[in-house]
Amino acid sequence: MSPCCPRCGAAGAPLLFGLPIPQARAAAANGQLALGGCLVAEERPNWQCPHQHRWLDPDEEAWETWLMAVLVAHGYEPAEHD
């Protein structure tokens, strides 16, 4: 379950900065991922709700797990590590 927005209580989506890969664009089109653009604030938020509220959740591991699950669901194949 994704974290809820601290301002409005809506469900959050992982917020991704930088040039998105095709799977990230597809996930964003479905509302499962938020694209933050290329400019990152000093205190980088990592979640966004449908009302464009952004916040930082200090649990980066949960954010990364959620992000990877969303990308894999849209066809992303993570590289295998040796």
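Quick note: the coordinates plus some simple rules give every number you see, no bench work behind them. Just so we're clear, the structure is a prediction, and the values are computed from it rather than from any experiment. As a convention, Cβ positions derive from the backbone with ideal geometry for all residues, glycine included, and neighbour counts pool all protein chains shown.
A few comments on the model shown:
Residues checked against (1) touching a residue at least 40 places away in the same chain (Cβ under 8 Å); (2) aromatic (Phe, Trp, Tyr); (3) touching a Ser or Thr at 6+ places or on another chain (Cβ under 7 Å):
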site	(1), (2), (3)
Ser2	yes, no, no
Cys5	yes, no, no
Gly12	yes, no, yes
Gln23	yes, no, no
Ala34	no, no, no
His74	yes, no, no
Glu80	no, no, no
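- The set of residues in the range 33-78 being part of a helix (DSSP H, G or I) and hydrophobic (A, V, I, L, M, F, W, C) consists of Ala62, Trp63, Trp66, Leu67, Met68, Ala69, Val70, Leu71, Val72, Ala73.
- Of everything in the range 17-44 that is under 18 Å from Met1 (Cα atoms) and under 11 Å from the mean Cα position of the chain (by Cα), the residue that is surrounded by the fewest Cβ atoms within 10 Å (Cβ to Cβ) is Gly31.
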